[in-house]
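Report on the structure given below.
Rule-based calculations on the coordinates, nothing more; no lab input. Please read these numbers as outputs of a predicted model, since none were measured by experiment. Note: ideal-geometry Cβ built from the backbone for every residue, glycine included; neighbour counts use all protein chains shown.
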Amino acid sequence: MKKRFDSTAALLALTAAILVAAPLAVTPSIAQTTSPRRTVPPERLRPLRDILQQVLPIFPGQVLKSEQTREANGQPVYRLHILDDAGDILVVTVDARTARIISARDTNLHSQ
């Protein structure tokens, strides 16, 4: 006696197989969830107001422009353009993590 193919049983088996396999298809692997950026603590950058409190007593003047950027070696820095009392524009580069002044140069645009 031959067993007749039961479409309901086949449909149930297929549904069960999909339900078991579906979580595996959408769960990211460990390699996908672990990245170097997440394992390295975020940089603690000093706020601009702290940087200005450190720099302006040394280089008094009006801040014309400030930008947060990175040096070629990846070091985060603030670059400040300060108009001094003599009318010269100073470009001061400051370490964004420590507030240490890295460099200061006079653009010497003011003719004497």
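At a threshold of 8 angstrom on Cα-Cα distance, excluding pairs fewer than six apart, so keeping six or more, what relative contact order does region 48-106 reach in percent?
After rounding, I find 27 percent.
How much length is gained if the chain between ARG49 and ARG97 is pulled fully straight, taking 0.36 nm per residue apart and subtracting their Cα-Cα distance, in nm to one decimal?
Length difference between fully extended and current span is 16.0 nm.
Be a star and scan region 62-90 for residues whose amide nitrogen sits under 17 Å from the point 7 Å along the Cα-to-Cβ vector of ASN108.
84, 86-90
Using θ = phi - 60° and the Karplus relation 6.51 cos²θ - 1.76 cosθ + 1.60, list the HN-Hα couplings for region 84-92 in order, rounded to whole Hz, with x at every Gly or Pro.
Computed from phi, the couplings for region 84-92 are 8, 5, 7, x, 8, 9, 9, 10, 10 Hz.
Roughly what percent of Cα-Cα pairs across region 48-106 reach past 19 Å?
Beyond 19 Å sits 20 percent of the P(r) for region 48-106.
Given H placed 1.01 Å from N in the peptide plane, which residues other than close sequence neighbours of ILE102 have an amide H under 5 Å from its amide H?
Residues meeting the amide H criterion: THR93, VAL94, ASP95.
Among 83-93, 65-75, how do they line up from the highest to the lowest mean number of other beta-carbon atoms within 10 Å?
Per-residue mean Cβ counts within 10 Å order the peptides as 83-93, 65-75.
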